[in-house]
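Visitor: Below is the structure I would like to discuss, written out as structure tokens.
The values are calculated or read from the model by the stated rules, or taken from the named source; none is laboratory data. Keep in mind that this is a model prediction, so the values were computed, not measured. Counting neighbours? That spans all protein chains shown, and the Cβs are built from the backbone with ideal geometry, glycine included.
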Ligand SMILES: [Zn+2]
């Protein structure tokens, strides 16, 4: 859920894989949050600090994030018939979960956050909890994003 950092990673990926569309990389890194927004609108999921007990397990749980990633990279393969593109899309999409695992529980932004679930609502929550201070959030969100934009701009000059 750390919004900006995923965008930063898409810029970094664009430098590594210049032939892939930046928009496709944005889509890959934000796909799990897009699924979350859909479930949020449908009332199935909540932000991590919501007190009604609902979590973002169907979008952000380890099991479902893995399933969404496999499904999405399969769709990319079916459309493009490009195995490399499908693997990179899947890798970038799953980077979202890895980053959320590093950041969660995001105590600084969501004081009641308990981490990302392994399976569903009541399963074990995990995470390294890096987003617990303003400094960590600033470095993680703005630092990585500015770094990504910076190396991307240098790469296209
Ligand atoms: Zn997320």
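Visitor: When you go through (1) modelled with pLDDT under 95; (2) closer than 26 Å to residue 14 by Cβ one by one for residue 125, which number turns out not to apply?
Guide: (2)
Visitor: I'd like the full set of residues that are in a loop (DSSP other than H, G, I, E, B), within 19 Å of residue 67 (Cβ to Cβ) and touching a helix residue (DSSP H, G or I) at 6+ places or on another chain (Cβ under 7 Å), limited to region 95-122.
Guide: Passing the criteria: 118, 119, 120, 121.
Visitor: Would a scan of region 47-58 turn up a residue that is free of Cβ contacts under 8 Å to residues at least 40 places away in the same chain and either part of a helix (DSSP H, G or I) or within 12 Å of the ligand (Cβ to nearest atom) (or both)?
Guide: The answer is no, given that none of the residues of region 47-58 is free of Cβ contacts under 8 Å to residues at least 40 places away in the same chain and either part of a helix (DSSP H, G or I) or within 12 Å of the ligand (Cβ to nearest atom) (or both).
Visitor: May I pose another question? Within the bounds of region 54-65, is there any residue that is at positive phi and at pLDDT below 95?
Guide: There is no residue in region 54-65 that is at positive phi and at pLDDT below 95.
Visitor: So, one more: Would you check if residue 37 is closer than 30 Å to residue 151 by Cα, in a helix (DSSP H, G or I) and touching a helix residue (DSSP H, G or I) at 6+ places or on another chain (Cβ under 8 Å)?
Guide: no
Visitor: Just to be sure, is residue 34 modelled with pLDDT of 95 or more, away from the ligand (no atom under 11 Å from the Cβ) and out of contact with any strand residue (DSSP E or B) (no Cβ under 7 Å at 6 or more places or on another chain)?
Guide: For residue 34, the condition - modelled with pLDDT of 95 or more, away from the ligand (no atom under 11 Å from the Cβ) and out of contact with any strand residue (DSSP E or B) (no Cβ under 7 Å at 6 or more places or on another chain) - is not met.
Visitor: Follow-up question, since we're still on this one. Can you name every residue in region 1-17 that is surrounded by fewer than 17 Cβ atoms within 10 Å (Cβ to Cβ), within 12 Å of the ligand (Cβ to nearest atom) and modelled with pLDDT of 95 or more?
Guide: none
Visitor: Being closer than 27 Å to residue 136 by Cβ and within 12 Å of the ligand (Cβ to nearest atom): is that true of residue 65 here?
Guide: Spelling it out, residue 65 is indeed closer than 27 Å to residue 136 by Cβ and within 12 Å of the ligand (Cβ to nearest atom).
Listed here are the residues, each with its yes/no results for (1) under 21 Å from residue 37 (Cα atoms); (2) touching a helix residue (DSSP H, G or I) at 6+ places or on another chain (Cβ under 9 Å); (3) within 16 Å of the ligand (Cβ to nearest atom).
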{"residue": "69", "(1), (2), (3)": "yes, yes, yes"}
{"residue": "74", "(1), (2), (3)": "no, yes, no"}
{"residue": "92", "(1), (2), (3)": "yes, yes, yes"}
{"residue": "124", "(1), (2), (3)": "no, no, no"}
{"residue": "133", "(1), (2), (3)": "no, no, no"}
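Visitor: Is at least one residue of region 18-26 within 15 Å of the ligand (Cβ to nearest atom), assigned to a helix (DSSP H, G or I), touching a helix residue (DSSP H, G or I) at 6+ places or on another chain (Cβ under 8 Å) and within 25 Å of residue 122 (Cα to Cα)?
Guide: Looking for residues that are within 15 Å of the ligand (Cβ to nearest atom), assigned to a helix (DSSP H, G or I), touching a helix residue (DSSP H, G or I) at 6+ places or on another chain (Cβ under 8 Å) and within 25 Å of residue 122 (Cα to Cα), one finds none in region 18-26, hence no.
Visitor: For region 94-110: of the residues being away from the ligand (no atom under 11 Å from the Cβ) and within 13 Å of residue 56 (Cβ to Cβ), which is farthest from the chain's Cα centre (by Cα)?
Guide: If we take residues in region 94-110 being away from the ligand (no atom under 11 Å from the Cβ) and within 13 Å of residue 56 (Cβ to Cβ), then 110 is farthest from the chain's Cα centre (by Cα).
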